[in-house]
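First the structure, which I've put down as structure tokens, then a few questions once you've had a look.
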Amino acid sequence: MLDWANIDTVLLDMDGTLLDLHFDNYFWLEHLPKRWSEISGISVSDAKAQLKAEYDVLQGKLEWYCLDYWGKRLQLPITELKREVMHKIAMRADVPDFLNALKKSGRNIVLVTNAHPGSLSLKIERTELSNYINELISTHEFGVTKESQALWHKLQARLGFDPKRTLFVDDSLPILHAAKEFGIGHLLAVANPDSQLPVRQITEFAAITDYTVLLDEILLSTRLA
């Protein structure tokens, strides 16, 4: 599936790629509308409809991922509300072995997420991601998202990776297309980001539903120092 002999750097998305996207979908589509309804007095159905309309407008933009933006917009403590359901934050079951294999193979492993630093901190607190990954990056520090070519230029300047020898894994097809446009040589999609939803049919990129199928090839292609 992937030419591991020609991969030195592995860039990994977080939500839906390493972590089950169910937490985020539940929070933004169910918990936040419910709590906004309770505090503002509007119905849950109206809260869901209003938020869905705003999500659609902001999709892919920094504001969509920004807890500060939504806190001001809704006059709600977003991080505190996330903590109310943080028990739902979980790594995918196949991720620890995948990350261990990457680590043993000697490759540089970097998490690159559009999540706000507050969200990233909460998920690092709840999971063991930081034990496996060399560097954790929120695109908020660059002021642009992974959907933007500007982000990829800034990320390369920061990390110094060779695009042709870099693997990028994400569950977002628009973001994978942006990485492809930049020249990332190896791309992999996650077809089942939310454990509670059906597997998606993906044809434009190599796609997996279980990282276990990659383990043997990763370990057989251990990168020599």
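The values are calculated or read from the model by the stated rules, or taken from the named source; none is laboratory data. Just so we're clear, the structure is a prediction, and the values are computed from it rather than from any experiment. As a convention, Cβ positions derive from the backbone with ideal geometry for all residues, glycine included, and neighbour counts pool all protein chains shown. The accessibility values were calculated without ligands, DNA or RNA, using every heavy atom of the protein model including side chains. Shrake-Rupley method; radii C 1.70, N 1.55, O 1.52, S 1.80 Å.
Given a 1.4 Å probe, how much area per residue of the stretch 70-116 is accessible, in Å²? All intermediate terms of the calculation are to be shown ahead of the outcome.
On the way: 1950 Å² over 47 residues.
Each residue of the stretch 70-116 exposes 41 Å² on average to a 1.4 Å probe.
Right, here's the next one. Taking only protein heavy atoms and a 1.4 Å probe, what accessible area per residue, in Å², does the stretch 127-225 have with all protein chains in place?
Values: 4980 Å² over 99 residues.
Per-residue accessible area for the stretch 127-225 comes out at 50 Å².
Further question: How large a share of the accessible area of the stretch 113-174, in percent, is made up of carbon and sulfur atoms when the probe is 1.4 Å and the other protein chains stay in place?
Within the stretch 113-174, the accessible surface is 47 percent carbon and sulfur.
Using a 1.4 angstrom probe on the protein heavy atoms only, could you order GLU80, GLU54, GLU135, GLU30 from most to least accessible area?
Sorted by accessible area, descending: GLU80, GLU30, GLU135, GLU54.
Then there is this: More than 25 angstrom separation, counting every C-alpha pair in the stretch 116-225; what % is that?
In whole percent, the share of Cα-Cα pairs in the stretch 116-225 beyond 25 Å is 29.
Can you pull a Stokes-Einstein diffusion coefficient for the chain at 25 °C (0.890 mPa s), Rh from Kirkwood over Cα pairs, as a whole number of µm²/s?
Calculated translational D: 134 µm²/s.
Here's something else I'd like to know. Largest first and in whole Å, give the semi-axes of the stretch 1-80's equivalent ellipsoid, each being the square root of 5 times a Cα gyration tensor eigenvalue. Don't jump to the answer; show the numbers that get you there.
Working: eigenvalues 219, 33, 27 Å².
Equivalent-ellipsoid dimensions as semi-axes: 33, 13, 12 Å.
Right, another one. Per-residue ellipticity at 222 nm for the chain, helices alone: DSSP H runs ≥ 4 residues times -39500 (n - 2.57), over residue total, nearest 500 deg cm²/dmol? All intermediate terms of the calculation are to be shown ahead of the outcome.
Numbers: 11 runs with 95 residues, N = 225.
Dividing the helical sum by the residues of the chain leaves -11500 deg cm²/dmol.
Next up: What residues of the stretch 89-120 lie in the reach of a label at LYS34, counting those whose backbone N is under 15 Å from a point 7 Å from the Cα along Cα→Cβ?
89
Using 7 Å Cα-to-Cβ label points, what is the ILE42/ASP216 separation (nm, one decimal)?
That separation, rounded to one decimal, is 5.4 nm.
Alpha carbon centre of the stretch 174-190 versus the stretch 1-19: separation in Å?
Answer, in whole Å: 11.
In the stretch 1-148, what percentage of the DSSP-assigned beta bridges are antiparallel, given to the nearest 5?
Values: 1 of 10 bridges.
Within the stretch 1-148, antiparallel bridges account for around 10 percent of the total.
Roughly speaking, what is the centre-to-centre gap between the stretch 25-50 and the stretch 97-123 when only Cα atoms are used, to the nearest Å?
Taking the Cα centre of the stretch 97-123 as reference, the centre of the stretch 25-50 is 31 Å away.
Taking all pairs of different Cα atoms in the stretch 124-188, averaging 1/r and flipping that mean, what Kirkwood radius in angstroms comes out? Please list the in-between numbers first.
On the way: mean 1/r = 0.0787 Å⁻¹.
For the stretch 124-188, the Kirkwood estimate is 12.7 Å.
What's the carbon and sulfur percent of the stretch 1-68's accessible surface, probe 1.4 angstrom, rounded to a whole number? Walk me through the numbers on the way to the answer.
On the way: 1580 of 2960 Å².
Summing carbon and sulfur atoms, their accessible area is 53 percent of the total for the stretch 1-68.
How many Lys pairs in the chain lie less than 16 angstrom apart by Cα atoms, where the lysines are 8 or more positions apart or on different chains?
Lysine pairs meeting both conditions in the chain amount to 12.
Just how much of ARG165 is accessible, in Å², when a 1.4 Å probe is used and the result is rounded to the nearest 10?
Counting only protein heavy atoms, ARG165 exposes about 70 Å² to solvent.
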